[in-house]
Every structure is written in C-alpha cells, then in structure tokens.
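The values are calculated or read from the model by the stated rules, or taken from the named source; none is laboratory data. Remember, it's a predicted structure, so these values are computed and weren't measured experimentally. Here the Cβ positions follow ideal geometry from the backbone for every residue, glycine too, while neighbour counts run over all protein chains shown. Heavy atoms of the whole protein, side chains included, go into the accessibility calculation; ligands, DNA and RNA do not. Shrake-Rupley method; radii C 1.70, N 1.55, O 1.52, S 1.80 Å.
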Amino acid sequence: MQQDPLAYAQELAAAGDHAGALRLARELEQQYAQEGPAGAVMLVWVRLCAARWLAVQEQPDRHAALAVLDGAEQVWRARAVQDSQLAQVLGAELMSLRAFVLRLLGRPADSLAAGEQALDFFADLAQTAPEVLSAVGHVPILLNRGAALADLGRTEESLAPLGEALDVLRAAGAGHREVEVELLVLRGTSLTLRGRFAEAEAAEAEAIALARIETGRAARHLLATALSNYATTLIRMRRLDEALAAVGEAMAVLRDVDGEPVTASQRRRWWLPLSTEAEALLALGRREDAARSARRAEPILREYAEQVPLLVAGSLATVCLLIGEAEDDPGYAAEALARLTELNDRYPGRYEYWWRRAGELVARLGG
C-alpha cells in the first residue's frame, strides 16, 4: 500500500528533515490548489503543516511561516471549508499556530488575540465534538497566551494560563517533557519579574532537573535557556557566584550540543547566557570582563534584530545598557535609554527595572 504523502512529510519533519518535508508540502500544495473546492480542506492542512515546519526548522523563517498561515486562512474562510465538518478543528489549529508565530516575531498583542480565537474554537469543540480533542490539545495555546501576557508586561496575569497548562500536561501523564520544561521556564521568568524570587528559583530548578534527564537536541537547548534564566533569578537574589556557575554551565551545554557557533541560529542561542554573564560580572565589580561578555552578545543581537527587531528589542537595549555601565560609555547609555523608554511606554511594567537603571546611568554620566 502506498504511503500517504502528507503522513510521510510529517515523518520527515519529526525526524528533523524539515527541508524534505517542505518540498513534499509544496508539491501537495500545488496539487490541492488545482483541485479547487474539492481540495480546499487538504490545502489548509498542508499549509498549516508547512507553516509549522518553517517556524521550527534549524534556520527558522517565521516571516515565511506567517505568510503561509495568511494563505491558509484565506482558504479556510472559503465556503468549501466553512461548510465542512473540519472547519472548527482547522480554525483552532490555524489560530494556535498564528499565536505561536506572532509571538516569535515579537508581536505579543497580535499573538494574544489569535490565541483567544483558538481558545474559543476549542471551547466550542469541547461542547460539539469532544471526541476530536486531545487531552493536551490546548496546552500550546495556553503556553503562548502566558508568554504573550508576560511580554506585554502583564506578568501577574501570565501565571494563570501557564499554571493551567502545567496542570493539564501533568494530568495527562508522560510524553511532553520539553513542553513542561518550557512552561516552567516561562513561569520562572514571570515570577522573577514579579519579584517572587523564591518561587521563581523553585520553578527554574525543577525545569533544570527535568531537562537534564532528556538527551535530545531541543531539550538540551531548553536546558541552556533554563540555566540562563535561573542565573538571572540568582542575580536578583545577589547570589552572584552561583549565577556565574549556572550561566557557565549553560554555555557548556551549548558547546556540547552545537560546538562553537557557526550558523545564525547557533549564534542566536548565545546572546542570553552572554548577556546574563555580563550582568553577573558587572554586579561583582568585574567591569572589564562584563564588557567583554556584553560586547560578544551585541553583534549577535544586532544581527538578530535585522530579522525580527520586535522580538529582541528588549534584549538589545539591555546589552547596550550593560556595555554603557561597564565602560562608562554615554553613547551606549543614551541608546539604551532611548530603546527602553520606547519599550516601557509600549509595555508598562515589563521593562521598568531596566528603564530606571538606564535613566540612572545617563544621569550619572552627565547625559
């Protein structure tokens, strides 16, 4: 029996061959587009798969993923799809993916709106066709909702969907370890931003312990992120030597997984531990070392900002501030304050700590 080509494409993607999966998806897209209304439902499915693969491949292209989702939505709104039994299922998946991609493009408000539509579809399906829903089907939507709320500065609100997602995931049993780690990392970040450091430390320590068990590439990358975020919490608690140890381990994990960074996606994983290391070193009074780490992070973030400026705006502003503080550089201090003022106005509360710190630096340097 000949294997279903979309199922085969999904197998390729699951094995990490996103390029092969995308080639098959493009062929299927042409085929179903030529079939007109008869192929409309399958055309939406194929485009949803292609968008996901574009967003998560080794060299992600999230702008392309969003464009594919736009095309999927256009077909989804056609009568041929809306009159089908799969209209709501497709709508839920479409909006869930939109929420995910928009968040990774640095558009948290748009991500939140798409996620709310996805949750509405899931609520309707729970009433009309519960048999089509998996026990954890809405966990990604809750994850993206919590992350988007935190990015908008609504950190207290972000804790509820993240906690609900964790509860649902754990009630469903094993098999979703990486998602559980990501949820714990996000929860720890929100708790740190709320000043609830002991709770943040507990969440991040749990994330690290769970991630250590896993050996997959994605899980190891998550471990590096969890260690870096844990270091940030330790810095806020003034446990600076422990913070340096955590961020040093994060860098060791990245080297173990990727070697020295060569590709753009590999380099992008380094800005977080480098900038965190710079903050810890600066707090220890090791200004020259702090400047060295921050200046290693700076070109990575400026390169990343050329692709997704909204996503890394806060991180780039923070690195500018760290360089300004480490080197008493008024130019970097002014750039940091300008960037953080804009961010603080757009997302009240999310960047206030850094904005105040930048203002104090500019004042100290006579700006």
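Phi angles of segment 227-244 translate, via the Karplus equation with coefficients 6.51, -1.76, 1.60 and θ = phi - 60°, into HN-Hα couplings of 5, 5, 5, 4, 4, 4, 4, 5, 4, 4, 8, 6, 9, 6, 5, 5, 5, 4 Hz per residue; Gly and Pro are given as x. Taken over the chain, the convex hull of the Cα atoms encloses 144 Å³ per residue.
Quick one: pull the percentage of alpha-carbon pairs in segment 31-114 with a separation above 23 Å.
Everything past 23 Å amounts to 20 percent.
With Cα atoms as the point set, segment 208-367 shows a radius of gyration and Dmax of 15.6, 51 Å. Give the residues of segment 272-293 whose amide nitrogen is closer than 12 Å to a point set 7 Å from the Cα of Asp241 in the direction of its Cβ. It comes to no residues whatsoever. All Cα-Cα separations within segment 270-353 were binned at 5 Å from zero, giving a P(r) of 3, 18, 26, 25, 20, 8, 1, each value a whole percent of the pairs. Highest mobility in the GNM of the chain, judged by mean-square fluctuation with C-alpha springs under 10 Å and restricted to Ser158, Ser84, Ser96, is found for Ser84.
Backbone phi angles across segment 135-145, fed through the Karplus curve with coefficients 6.51, -1.76 and 1.60 (θ = phi - 60°), yield HN-Hα couplings of 5, 10, x, 9, 4, x, 5, 5, 4, 5, 5 Hz in residue order; Gly and Pro are listed as x. Calculate the tail of P(r) for segment 225-274: the fraction of all Cα-Cα distances greater than 14 Å, expressed in %. Considering segment 225-274, 47 percent of its Cα-Cα pairs are separated by more than 14 Å.
Computed from backbone phi, the HN-Hα couplings of segment 30-44 come to 4, 4, 6, 5, 6, 7, x, x, 5, x, 5, 4, 5, 5, 5 Hz, rounded to whole numbers (Karplus: 6.51 cos²θ - 1.76 cosθ + 1.60, θ = phi - 60°; Gly and Pro given as x).
Extension gain for Leu284 to Gln82 (0.36 nm times residue separation, less C-alpha to C-alpha distance): 66.7 nm.
Segment 23-88 and segment 264-306 have Cα centres lying 39 Å from one another.
FRET efficiency for Leu365 and Glu342, Cβ-Cβ distance as r, R0 = 22 Å, nearest 0.05? Before the final figure, lay out the partial values.
Working: r = 20 Å, r/R0 = 0.91.
Computed FRET efficiency for Leu365 and Glu342 comes out at 0.65.
Rolling a 1.4 Å probe over the protein chains gives Phe197 an accessible area of about 60 Å². Here each label is just a point 7 Å from Cα along the line to Cβ, and for Glu352 and Ala19 those points are 4.9 nm apart. Gain on full extension, evaluated as 0.36 nm per residue between Asp61 and Ala202 minus their Cα-Cα distance, stands at 47.3 nm.
Just the projected area, averaged over all directions, of the convex hull on the alpha carbon atoms of segment 191-247: how many nm²?
Values: hull surface 14.1 nm².
About 3.5 nm², averaged over all directions.
Relative to the longest principal axis of the Cα atoms of the chain, the long axis of helix 271-283 lies at roughly 20 degrees. Subtracting the Cα-Cα distance of Gln31 and Ala172 from 0.36 nm times their residue separation leaves 47.0 nm of extension gain.
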